[in-house]
1. Using 0.36 nm times the number of residues separating residue 65 and residue 106, minus their current alpha carbon distance, what extension gain do you get?
2. Using the number of other C-beta atoms within 10 angstrom as an exposure proxy, rank 50, 102, 29 with the fewest first.
3. How would you rank 30, 14, going from fewest to most other Cβ atoms within 10 Å of each one's own Cβ?
4. For the Cα atoms of the chain, what angle does the longest principal axis make with the long axis of helix 14-23, in degrees from 0 to 90, nearest 10?
5. Per DSSP H run of at least 4 residues, take -39500 (n - 2.57); add these up for the chain, divide by its residues and hand me the 222 nm value, nearest 500 deg cm²/dmol.
6. Quick one: what do you get for region 9-113 if you divide its Cα Rg by 2.2 N^0.38 Å?
7. Taking Cα pairs under 8 Å and at least six residues apart, what relative contact order does the chain come out at, in percent?
8. Excluding the sites themselves, what is the longest stretch of the chain that contains no chymotrypsin sites (Phe, Trp or Tyr not before Pro) in a DSSP loop with at most 10 other C-beta atoms within 10 Å?
Amino acid sequence: MGYYSKKYVCIKKDREFRWLFKKGGCIVTDAFVCYVRESNRRVNRIGIVTGKKVGNAVRRNRARRVIREAFRLFEPLLKEKSRKRYDFIFVARVKTPTVKSTAIYRQLLKRVMPKITPTTDEPKKQ
């Protein structure tokens, strides 16, 4: 029974969602909106919001699966690049169910990664 461990940790409480919407940095793409904030926890956490505008239950569930899979691919790279941990909230858009998870993964790398990992191109002072 101890062999199974979740691949990700979920944000479930309403007050945590509201706090992240209010205080987190916002990154907008055509497939999703991502709210991100640094966390003091030991793991990265994810919350996914899919409203009724996305479509029926089948489309909303597909949107969640696509985002979850992209985050699963993205998280090891994030752990490698940064020692800090973050809370993420993804808000699905109408286009999300039609997009492949690899496209969302590329958007995460291109748009989210530069915002949360510091660049180390600064020259050293002597």
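1. Length difference between fully extended and current span is 13.2 nm.
2. Fewest-to-most Cβ neighbours within 10 Å comes out as 102, 29, 50.
3. 14, 30
4. Once rounded, one gets 50 degrees.
5. Helix contribution divided over all residues of the chain: -11000 deg cm²/dmol.
6. 1.00
7. Computed over the chain, the figure is 31 percent.
8. Longest site-free region, per DSSP loop and neighbour criteria: 5-126.
Computed from the coordinates by the stated procedures, all read-outs in this text should not be read as laboratory data. Note that the structure is a prediction, hence the values are computed from the model and not measured. Glycine also receives a Cβ, built like all others from the backbone with ideal geometry; neighbour counts cover every protein chain displayed.
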